[in-house]
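Q: The following block contains the structure, expressed as structure tokens.
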Amino acid sequence: MSALQIKLNKLKDELNYHNYRYYVLDDPEISDSEYDKLLRELQDIEAQHPELITADSPTQRVGAVPLAEFKTVKHEMPMLSLANAFSDEEFSEFNQRIVDILSKAKKYNNKDIQYAAEPKLDGLAVSLLYENGILVQGATRGDGTTGEDVTQNIRTIETIPLKLLGSDFPARLEVRGEVVMDKKGFDELNRIQRENNGKLFANPRNAAAGSLRQLDSRITAKRPLSFFCYGMGIISDDVSLPDTHSALMEVLKSWGLRINPESQIVAGVKGAQAYYQRLFDKRESLEYEIDGIVYKVDSLEYQKILGFVARAPRWAIARKFPAHEEMTKVLGIDIQVGRTGALTPVARLEPVFVGGVTVSNATLHNQDEIERLDIRVGDTVVIRRAGDVIPQVVNVVLSKRQGKPRKFKMPTHCPVCGSLVVRNENEVVSYCSGGLFCEAQRKQAIIHFASRKAMNIDGLGDKLIELLVDKGLIKTSADLYTLTHEQLASLERMGDKSATKLLKALQASKETTLARFIFALGIHDVGETTAKTLADHFQSLEKLEEASFDELLSIRDIGPVVANNVITFFKQKHNREVIDALLKTGIHWPKVNSQVSQAQPLSGKTFVITGTLSDMSRDEAKQALQALGAKVTGSVSKNTDYVVAGEKPGSKVDKARQLGVEVLTEEQFKAFL
Ligand code: 9MJ
């Protein structure tokens, strides 16, 4: 063997060993960067000497050529399924059957049966074939007799060794186990799928199955799959093996195969139940999904005596956890209005027991989600509740849809206060526009109103506001100013002193600025900066209240979403009533300093731009005018000072002529600027 070959083999062995430390023992010896350095060294040598590349090289996980189809694989030893137990009683019956059979065979020693207890992974069962320590085939379980040859894809899974460690393995060894996708990887995959408008996977098991059935292994390689082994299939008889399942698993581990670290030996029914409870409690904190516990009689001698019934071993049982997913019916779709005014559709469900609790509601998030799921009242849906996560509607079972139920539409008016519902372009959420008035938004609106950057009411914290609302002492922010000393002092944890202090703070807050007041109104998307922009532009609340969409749009930094929100907000009679009540309490502000705008050459002038300009876009023209203090609007009126007309100007020029408004050509406009 050449020196280079020796070096190459040493590198491969080292990488395999570190893979084993990392994935199987969960105890890496070297850092990721040191591992990468070794891998790069190997890649460099192989790039220069492609003739030395072997299939078991750690660099050779991803196949370059997609398959046309999967070949079928006949399992030499059938891949069995497991019988289920859904209660402690059913497990006890299983245990008793075993005791009876062993007694009959005169093998029972009157002691508790020892079980190898393992988490039941919710993934995809596969079979891996190693010949002389080299992975030669990976197959899905299929129907238990025949599966699909997914070797190319199996090779991409880093927890599956391409070459076994050591040398004491049988010449032919079939390893069985489960391919799973961890929960984090699943969420991330669906996030990416959503971003790319790809198909979303319903759960990690489906995602794992979909990923393993890719004809192009380069796609599989990108999917976060991993593997745990839990059994053996055919084994050549050239080595002697231990006589318990658990010891057998330890041997597999020593060859570099990952076994589940939660696996444990338990004794009898009591031990099994304690293990079940422990894993049930731990279920949500595990990185992968499990749907129960598998108990296997640990003694291989016993297993042999017990044998099989139908297609399942009599020595093993799957004790299932309550399901994460169940089907139920959508009785109706309600709208909930949140504290921020967001409207959320919620499915009212026929109560169903899922994930350990009874679920009768599930959020549908927004109109887009309803359309994505195409969910309609009367539909049968799959509900999923994993851990503490709120129940989700996974999909509609279309085959169970009866008749032609109508599509769901968001209401046009808030179900709580009757205000208009707004949904701006490019936004998924619909909002109630009755911010100052809507009961659902009351607390949030007042908390915002009192906050430091808004009316800055010292000593009026969130908790106190909630208390005042709950006691019915205030309904809107205007009511804050009618609170009496007596009312305040009688509240829990308030007292005379703090009541006096708060009344003083309320009084002091009446002296404010227009910008703060606009911000305090809590109009959607009108933050501190936008409020200041609006105050500077309009310089009075009345002018802002009466602003048209076009005028708002003409202001620099104000887009159609904010313009629409402002208009709709002031359109609500009850919002205006609250504002009037606020002003009546004596809230006031100094006149807005308008020197800045008056100093500009075009301040006070209103322009309309129409048609196509050849040297600049309409937006650029608008910005140039605004920079000089002009207002740019979209429609011509008697208040318009100039119309700038590009190519194909349309009816706006006619209107300007009718009204006697000066019309500038592009040339004139440029000279003017
Ligand atoms: C799973 N799914 O985790 C078995 N399994 O054993 C475990 N499945 C099994 N064992 C024999 N841990 C047939 C299936």
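The values are calculated or read from the model by the stated rules, or taken from the named source; none is laboratory data. Computed from a prediction, not measured in an experiment: that's the story for all the values here. Ideal geometry is used to build each Cβ from the backbone, glycine not excepted, and the neighbour counts take in all protein chains shown.
Q: Can you confirm whether V99 is in contact with a Phe, Trp or Tyr (Cβ under 7 Å, 6 or more places away or on another chain) and either at pLDDT 95 or above or more than 10 Å from the ligand (Cβ to nearest atom) (or both)?
A: Yes.
Q: Also, quick follow-up: Could you say which residue among A316, A362 is surrounded by 17 or more Cβ atoms within 10 Å (Cβ to Cβ), more than 30 Å from A117 (Cβ to Cβ), out of contact with any Ser or Thr (no Cβ under 7 Å at 6 or more places or on another chain) and at pLDDT 90 or above?
A: The unique qualifying residue is A362.
Q: Here's something else I'd like to know. Anything in segment 119-149 that is within 16 Å of the ligand (Cβ to nearest atom) and in a loop (DSSP other than H, G, I, E, B)? List them, or say none.
A: D122, G123, R141, G142, D143, G144, T145 - these are the residues of segment 119-149 that are within 16 Å of the ligand (Cβ to nearest atom) and in a loop (DSSP other than H, G, I, E, B).
Q: So, one more: Got at least one residue in segment 121-131 being within 22 Å of I219 (Cβ to Cβ) and loosely packed, with under 14 Cβ neighbours inside 10 Å?
A: No, that holds for no residue.
Q: Could you go through segment 195-204 and let me know if any residue there is within 16 Å of the ligand (Cβ to nearest atom) and within 22 Å of A247 (Cβ to Cβ).
A: no
Q: Of everything in segment 207-235, what is surrounded by fewer than 17 Cβ atoms within 10 Å (Cβ to Cβ) and either under 19 Å from P261 (Cβ atoms) or within 26 Å of the chain's Cα centre (by Cα) (or both)? Give them in sequence order.
A: A209, R213, R218, I219, K222
Q: Hey, another quick one. On the given criteria, is K571 basic (K, R) and at pLDDT 90 or above?
A: yes
Q: Within the set of pairs 6+ apart or on separate chains, which have a first residue in segment 532-543 that is over 13 Å from R516 (Cβ atoms), a second that is of a type outside the set (K, R), and C-beta atoms under 6 Å apart?
A: Listed pairs, sorted by first residue: T533/D557; H537/I555; F538/L544; Q539/V592; Q539/S594.
Q: In segment 559-575, what residues are over 31 Å from the mean Cα position of the chain (by Cα) and assigned to a loop (DSSP other than H, G, I, E, B)?
A: Q572
Q: If I filter segment 178-186 for residues that are surrounded by fewer than 18 Cβ atoms within 10 Å (Cβ to Cβ), at negative phi, under 34 Å from the mean Cα position of the chain (by Cα) and more than 16 Å from the ligand (Cβ to nearest atom), do I get at least one hit?
A: Yes, the conditions are met somewhere in segment 178-186.
Q: Any chance segment 32-45 includes a residue that's free of Cβ contacts under 8 Å to residues at least 60 places away in the same chain, in contact with a Pro (Cβ under 7 Å, 6 or more places away or on another chain) and farther than 25 Å from R218 by Cβ?
A: no
Q: Take the residues of segment 102-118 that are farther than 20 Å from T244 by Cβ and either in contact (Cβ under 8 Å) with a residue 12 or more places away in the chain or not polar (S, T, N, Q) (or both): which is farthest from the ligand (Cβ to nearest atom)?
A: K106
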